[in-house]
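Notes to accompany the following structure.
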Amino acid sequence: MYKFPKGLYVDVRIEETFDTKISFKKLTLQEQKIRNNRGAFIRVFDGRRWYYSSTTDINGIQAQIDALAQMATPNREILEHPIVKAFEVNQETIMEYDAKSVTDIPAQEKQELLESYLTLITDPTIVHHSSFYADNKTVKSIYTSKGTAVTFDKQTCGVRINLELSCGEKKNQTSISKAGVFFEDLLNLEDFFQTELEKNIAFTRDAELVIPGEYPVLLGPEATGVFTHESFGHKSESDFMVGDETMKAEWALGKRIGQSLLTIIDDGTVPGNGYVPYDDEGTKGKKTYIITEGILSGRLHSAATAAQLEESLTGNARAMNFEFEPIVRMTTTYIERGNRPLGDIVTEMENGIYVDTVKHGSGMSTFTLAPDRAYRIENGQIAGPVNVSVVTGNVFSALAEVDAVSEEFELMSFVGGGCGKMEQWPLPVGFGGPYVRVRKLKVQ
Amino acid sequence: MKQESITIREKETAAKIQNTHINAVRTKDITKKGVRVFADGNIGISGAIGDVAEEKLVENAIQNLSVGIEYPYPISRDRKDHRSYNDNPMTAGELLSITESILETLRKEYPDFDFSETISANEIMTEMRNSEGLDLKYEDAHYSLGLILKEKKSANLFDGILMCVGCRFDMDKFWAFNRPYLEAYRNRVALPEGEVLPVFTMEPDNLMSFLNRSLNGERFATGSSIFSGKMGEQLFNEKVTLEQNRNPLHQPGAFFDMEGVVLPEDRHVLIESGKLVSVFTDKKNAHLYNLPHTGSASGAYDGMPSLTTVPLRFRTDSKDLKGALKGQPAILTVISSGGDFTPDGSFAAPVQVGFLFDGERIIGRLPEFTMRSHISKMLGEDYIGTFDNTVFYIGDLPTQVQGYYMTIMK
């Protein structure tokens, strides 16, 4: 298909995307947009340095390969280079979404679905709202000079309603979102949206400012997802470890990180935002146990980091889109289901905070969660709502503070937003998990 | 039928850095085109990336008219304004040469640190033209240095950042600032005594985001802004003046909004001497809510004009940063990630990287801490001022430093 220059490793990633966006302000249609785009990212490696090019000229890919090759220095031993040796060679076509493709659903049907949920918004506390339906179907093809030729598709769709609430002097801005992989996943969600609307109205009306301090914190599945992602997920991305002896020692496999009730998994095979049947350098998607029963048991890799740390590939080289190179990223990352009923966990808490939903999070040495809805826990029961700016904890100690994991469990996908890592934001990822109790976190 | 087109072209050469060496070189040249058509009070839109014929985009936009999205507002017209802010962009060769030089010095003088991420040279062209005589063009070029810094003995993902953005890179100024800055990383110091301390920042992202949400005309009019019903009221300290600012010399970006509106002097005052005097609007929301139109439309190249956020900038109101401290030790925040305002204006944020400084010199790195305040205090009784940044060299754009007294929690 392409003429790959001798003495160099080359890969080509072609992305064809279909996107729909239908948006409303209150009940007035604002936009109905359908995008069909194509682009490619080309990489050339000479064993010393990578050369990348991003282009929208699909017919000019060979010229781009040749131009990058001119910048590189041919290397007779390129196939023996540890990174090049690490690349899998796969040849497969996986088209999971041709049968129920969002490309086949008329835009009018998508619009009517969104409008049907907007009719639920009647309470005067909601002074304004905007909303959108969005879907994406992407077909990726990856070809490498080692012989990989894979083509696969992925698909997501979802509805998001942004709410502006006002109750006297009390203001709130929040959103309700539901996503799936098939259009039918978004049907018949009236009960979900109604319940969420009622929770947000009550929260706006009744929330009081939290008394700052250290509390035991119960995290709901969404908050657990963000907590897992921010407190530990980024630490498991091994590009931070390359060439860094301190990090290698700190995060040595086999080290105890948490109690035995804690198992954390990254799984690229889960349908949804983090679905990666092949990663963006052609490695097959995998399920990786990064913490097993409290013990550090794995980390996430691209071919380069796997080769440099002499570990196995995990299929975590992902790019935000065709304009960027793949770097080590999470897929769907979650704490495994526990064995304790939620009710029992709450009953044990005399004075704590329950974080239900989250606006955003971050994870450096201190991780943060900015709660959307949070509640006091008093005498073993979830009590009144509280406004919390931020919940913080130390990434080195927080996982050891997890002392209860529920049997209730939910994985979720969203529309809008995603994970940020340096210049590549937002990348869709999946997360969620069980209800998790952390013995002590700072609440502001 | 009236017709409007938007073209954005972005060119980039980027050196990707790992372990203080260039690991990769990336080139990019992407064109995005959007077309809008207007007929019978409706708008149709289309767009594509790459080399797509304009006729095809017009055809798609005409089809989109049938969706029936109303846009009964006069489109901008009869204005030609072409501006180029940097006719001498950094070449790929210059970029790599500068990068190699910086990395060589870092490897030699700072072997206890690892540096990674990106140094890039970017060119941008944004053009908006329509059938009514509008012809706007913005061309600019910048280099951007963003290196994350990690102490080799640290188990953190990263410990700090070196930043520099501008038109012309000045190696002497870069090292004159960054050598003492990196030395300060090596010098661990304790937080000053006291519960309330002066805190300065160059990038008050949380504050700007909260003000953007609160000054949005649609939110203001519908009652969900903390400022709703307070037009004309004294909200903040009399020193505080905040404006929508589209001057590319202050913040890189097109000088016109996504409805082709150019503001007088590229700016519009929203808060003047602490008093709320305006909120920002696009054509639609100005009409819907009977508010002054402030040329604040945003949106994608192929999307509908919409009202989201605008580039905000405080007017410099203070001089002599050192004098303002009156000898009191102060904190400079460099990385404060993950904090937020609650809807009622309370603010809390962890500071992952902060420095002790005396108004002129960065003295040493502080341990992590959390800071807390409220919007009305930060820009009210606890506001110190907004200063031209003459202390910290982060490029040749006219940046600012802003300070407030904050409650500090260790």
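What follows is calculated from the coordinates using simple rules that are stated; it is not laboratory data. Bear in mind the structure is a predicted one, so any value in this text is a computation, not a measurement. Backbone-built Cβ (ideal geometry, glycine too); neighbour counts: all protein chains shown.
Once backbone amide H atoms are built at 1.01 Å from N, A:Met349 has A:Gly380 as its partners under 5 Å, excluding neighbours fewer than 5 places away on the same chain. The count of lysine pairs in the range B:206-314 whose Cα atoms are under 23 Å apart, excluding pairs fewer than 8 places apart on the same chain, comes to 5.
Look at the dipole of the protein assembly as shown built from charges on Cβ: of B:Pro350, B:Gly303, A:Val402, the Cα furthest out on the positive end belongs to B:Pro350.
Once you have the Cα-Cα distance between A:Ala67 and A:Arg439, take 0.36 nm times their residue separation minus that, and quote the gain in nm to one decimal.
Numbers: separation 372, 0.36 × 372 = 133.92 nm, distance 5.66 nm.
Length difference between fully extended and current span is 128.3 nm.
Quick one: net charge of B:Leu276's neighbours, Cβ under 12 Å, K/R +1, D/E -1? Please report the intermediate quantities before stating the final value.
Details: positive: B:Lys230, B:Lys275; negative: B:Glu233, B:Glu272.
Local charge sum for B:Leu276: 0.
Here the Karplus curve 6.51 cos²θ - 1.76 cosθ + 1.60, taken at θ = phi - 60°, turns the phi angles of the range B:251-261 into couplings of 9, x, x, 4, 7, 10, 8, 7, 10, x, 9 Hz, with x standing for Gly and Pro. The reciprocal of the average 1/r between distinct C-alpha atoms defines the Kirkwood hydrodynamic radius, which for the range B:111-263 equals 20.3 Å.
Assuming R0 = 51 Å, can you tell me the calculated FRET efficiency for the pair A:Thr93 and A:Glu198, based on Cβ-Cβ distance, to the nearest 0.05? Can you show the working numbers first?
Details: r = 46 Å, r/R0 = 0.90.
Step by step, r from the Cβ atoms, then E = 0.65.
Only one residue of A:Thr283, A:Thr366, A:Gly416 has its Cα farthest out toward the positive end of the dipole of the range A:213-443, where Lys and Arg carry +1 and Asp and Glu -1 on Cβ, and that residue is A:Thr366.
Restricting the calculation to alpha carbons of the protein assembly as shown gives Rg and Dmax of 26.5, 74 angstrom. Kindly identify the range B:2-185 as rounded, prolate or oblate by the Cα gyration tensor criterion: order the square roots of the eigenvalues as a ≥ b ≥ c, call it rounded if a/c is under 1.5, otherwise compare a/b with b/c, prolate if a/b is larger, else oblate. Prolate, since a/c reaches 1.5 and a/b exceeds b/c. Here the Karplus curve 6.51 cos²θ - 1.76 cosθ + 1.60, taken at θ = phi - 60°, turns the phi angles of the range B:14-30 into couplings of 10, 9, 8, 10, 9, 6, 6, 9, 6, 9, 7, 10, 10, 10, 8, 8, 10 Hz, with x standing for Gly and Pro.
Along the range B:209-219 the Karplus relation, 6.51 cos²θ - 1.76 cosθ + 1.60 evaluated at θ = phi - 60°, assigns HN-Hα couplings of 5, 5, 5, 4, 5, 7, 9, 5, x, 5, 5 Hz to successive residues, with x for each Gly and Pro.
Straight Cα distances below 23 angstrom link B:Lys108 to the lysines B:Lys16, B:Lys150, B:Lys152, B:Lys153, B:Lys173, with same-chain residues fewer than 8 positions distant left out. Its Kirkwood hydrodynamic radius, worked out from the mean inverse distance over all distinct Cα pairs, puts the range A:9-206 at 20.2 Å.
Size descriptors for the range A:145-290: radius of gyration and Dmax over Cα atoms are 20.9, 65 Å.
When the Cα positions of A:Val89, A:Thr156, A:Asn172 are compared along the charge dipole of the range A:85-199, A:Val89 comes out farthest toward the positive end, with charges on each C-beta of Lys, Arg, Asp and Glu. Close amide H partners of A:His301, meaning residues 5 or more places away or on another chain with modelled amide H under 5 Å apart, are A:Thr314, A:Gly315, A:Asn316. Over chain A, dividing the summed -39,500 (n - 2.57) contributions of all DSSP H runs of at least 4 residues by the number of residues returns a 222 nm mean residue ellipticity of -5000 deg cm²/dmol.
Using the eigenvalues of the Cα gyration tensor, what equivalent ellipsoid semi-axes result for the range B:1-70 when each is taken as the square root of five times the eigenvalue, whole Å, largest first?
On the way: eigenvalues 298, 24, 14 Å².
Semi-axes from the Cα gyration tensor: 39, 11, 8 Å.
For the range B:65-109, the calculated P(r), taken from all Cα-Cα distances in 10 Å bins from zero up to the bin holding the longest distance, is 17, 19, 16, 14, 17, 13, 3 percent.
Computed from Cα positions, the angle between helix B:54-64 and the longest principal axis of chain B comes to roughly 80 degrees. The Rg/Rh ratio for chain B is 1.00, where Rg is the radius of gyration of the alpha carbons and Rh is the Kirkwood radius. Placing +1 on each Lys and Arg Cβ and -1 on each Asp and Glu Cβ, with no other charges, gives chain B a dipole about its Cα centre of roughly 560 debye. Shown here: chain A, whose C-alpha atoms stretch 70, 54, 34 Å along the first, second and third principal axes, sorted largest to smallest.
Given 20 °C and 1.002 mPa s, compute D for the range A:303-444 with the Stokes-Einstein relation, Rh being the Kirkwood radius over Cα pairs; round to the nearest whole µm²/s. Provide the component values of the computation, followed by the final result.
Details: Rh = 17.2 Å.
Rounded, D is 125 µm²/s.
Taking Cα centre as origin and charging only the Cβ of basic (Lys, Arg, +1) and acidic (Asp, Glu, -1) residues, the dipole magnitude of the protein assembly as shown rounds to 1000 debye. Distances between placed amide hydrogens fall under 5 Å for A:Lys440 paired with A:Val217, all partners being 5 or more residues away or on another chain. When all alpha carbon pairs of the range A:136-205 are counted in 10 Å bins from zero, the resulting P(r) reads 16, 31, 21, 15, 10, 6, 1 %. Listed by chain and number, the lysines whose alpha-carbon sits under 20 Å from that of A:Lys286, ignoring those within fewer than 8 places in the same chain, are A:Lys85, A:Lys140, A:Lys154, A:Lys235. The charge dipole of chain A, taken about its Cα centre with unit charges on the Cβ of Lys, Arg, Asp and Glu (plus for the first two, minus for the last two), comes to roughly 920 debye.
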